[in-house]
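The values are calculated or read from the model by the stated rules, or taken from the named source; none is laboratory data. Note that this is a predicted model, so its numbers are computed, not measured.
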Amino acid sequence: MPKLKTHKGAAARFRVTGGGKIMRMYGSRNNFRRKKRTAVNALYSRTVEVAPSHTKIVRRLLAGQG
């Protein structure tokens, strides 16, 4: 059986925590940041857990890691 390769696009966007959760950053972070409220900009720096419906797909893309 050949080895599974990591999808590098997914590896740049998702991180797996020690507990096995898959975390992602918020989208739309690059454009017009200076016009947004400070509180909104602070929200963009957080990480959020990936939706349960997408977890299986993302895990498959990250299969080659670790």
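Residue-level check: of (1) modelled with pLDDT under 85; (2) assigned to a strand (DSSP E or B), ARG15 misses just (1). Give the range 35-66 a look and list any residue that's at pLDDT 90 or above and among the polar types (S, T, N, Q), or say none. Passing the criteria: THR38, THR47, SER53, THR55. Within the option set ARG34, ARG29, being outside any loop (DSSP other than H, G, I, E, B) and of a type outside the set (Ser, Thr, Tyr) holds for one residue only, ARG34.
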